[in-house]
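Each reported figure results from applying straightforward, stated rules to the coordinates on display, with no laboratory input. Because the structure is a prediction, the values reported are computed rather than measured. All Cβ positions, glycine included, derive from the backbone under ideal geometry; neighbour counts span all protein chains shown.
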Amino acid sequence: MRFPLFPRIILAKVIIGAALLGITACKKDKKDDPTPATPALVFEPNAPFGPKSARLTGTASKKWRFRKFLINGVPQALLDPCLADFTLTFYTANRLYTGSFTQPTATCSGSTGNWNLAENETQLRLFPAGQSPVVWQFIEVSDTLLHYTTPAEVDGVRGSAELWLVPR
């Protein structure tokens, strides 16, 4: 499975963990499972547009690039050409986003989709076209920094990825 929003290195080390966290190792009978099912994430086109939304998009759109990332607390190099070339743009209109590359290749392809802020603007939910939703938990959102964490799995070990993006 490949998420075109992110370069392959992040797919392999970061985002696939988000999808894997929803998979259980064995199936239980519903009567044995006291926890209710988690509702599916749904794009909400009329969700409130608060202060963090404005920081994310600027007045009409805003472009972000990777600055730094950690996987399970270990710094990762931004030497991959996909990471160095990646631009994530958030738009206010229709809550669209694009992930693009200056020089797209077979391994570095972009995507488009929608976004929402949720949980009192503490989560960014991305809805890539034709893909499963991705949830980022904000650590800090300002005019000059987008700092978040997301589940990750590396070599079968579940953990988290922490990423920093700055305006391009």
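Please find the FRET efficiency linking PHE49 to SER132, where r is the Cβ-Cβ separation and R0 is fixed at 30 Å, and quote it to the nearest 0.05.
0.80
In terms of its C-alpha gyration tensor, segment 68-168 has a rounded overall shape, because the principal axis ratio a/c (a ≥ b ≥ c, square roots of the eigenvalues) stays below 1.5. Under the rule a/c < 1.5 gives rounded, and otherwise a/b versus b/c splits prolate from oblate, where does segment 48-127 land using the Cα gyration tensor? Oblate.
Once the Cβ-Cβ distance of ASN94 and LEU70 is raised to the sixth power relative to R0 = 45 Å, the FRET efficiency obtained is 0.85. Against the empirical curve 2.2 N^0.38 Å, the C-alpha radius of gyration of segment 114-168 lands at a ratio of 1.22.
Quick one: putting +1 on the C-beta of Lys and Arg, -1 on the C-beta of Asp and Glu, what dipole do you get for segment 93-166 around its Cα centre, in Debye to the nearest 20?
Working: 3 positive and 7 negative charges, 57 e Å.
Rounded to the nearest 20 debye, it is 280 debye.
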